[in-house]
1. Enter the accessible area per residue of segment 8-108 (Å², integer; probe 1.4 Å; all protein chains in place).
2. Aspartates and glutamates within cross-link reach of LYS70: Cα-Cα under 18 Å, excluding same-chain residues under 8 positions apart?
3. In what sequence, highest mean first, do 35-45, 66-76 appear when ranked by Cβ atoms within 10 angstrom?
4. Which of the aspartates and glutamates could a cross-linker span from LYS84 if the Cα-Cα distance has to be under 19 Å and same-chain partners fewer than 8 positions apart are dropped?
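The values are calculated or read from the model by the stated rules, or taken from the named source; none is laboratory data. All values reported here derive from a predicted model rather than from experimental measurement. Cβ atoms come from the backbone with ideal geometry, glycine included; neighbour counts cover every protein chain shown. Only protein heavy atoms, including side chains, enter the accessible area calculation; ligands, DNA and RNA are left aside. Shrake-Rupley method; radii C 1.70, N 1.55, O 1.52, S 1.80 Å.
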Amino acid sequence: VPISIVMTKYLGLDIGTVRVGVSITDPSGSIAFPMSTFPFDVAIDEIAKVIEIEGIDQIVVGVPYKLSGKPGQSVELVESFLTKLLLEKPEVTVHKVDERFSTSLAEKQLKSTNRSASKSRDIIDQLAAVNILQTFLDSLR
């Protein structure tokens with residue numbers, strides 16, 4: 001009897017007002033990698049295409065909480081974005097994670113490579129998405 005192993009591929013999203021950073025897992029669903037950064041106004045359509053092409057069935061989204069643990073101002077933006085994305089791709093499962101430190105961590109990671117943060121916003125958004133996704137994946141272990 002052949003054994004079938006179902007692999008889950010995840011997409012990680014760092015949703016901002018200007019751009020959306022995107023990360024993706026390896027085929028085994030255990031390691032997050034940077035994928036792309038999309039302008040906010042086309043991000044839903046672009047992410048829907050990625051979901052289709054890559055066979056994504058689960059998305060991990062960073063939710064911006066304040067240091068107090070209460071929802072931040074951008075939570076409404078994230079929720080609205082997710083509502084629209086799920087209208088396009090209702091079959092996708094969404095996991096929400098605290099993203100309080102994902103961008104500052106990404107900026108520190110970039111600084112350690114001697115790159116300018118101001119010239120590397122797209123990379124920072126992708127790294128933040130990697131941090132969001134990898135934090136979630138690590139929590140599954």
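1. Roughly 52 Å² per residue, with all protein chains present.
2. Excluding near neighbours in sequence, the set is GLU79, ASP98, GLU99.
3. On the way: 35-45: 16.2, 66-76: 11.1.
Ranking the peptides 35-45, 66-76 by packing returns 35-45, 66-76.
4. LYS84 reaches ASP14, ASP41, ASP45, GLU46, GLU52, ASP57, GLU76.
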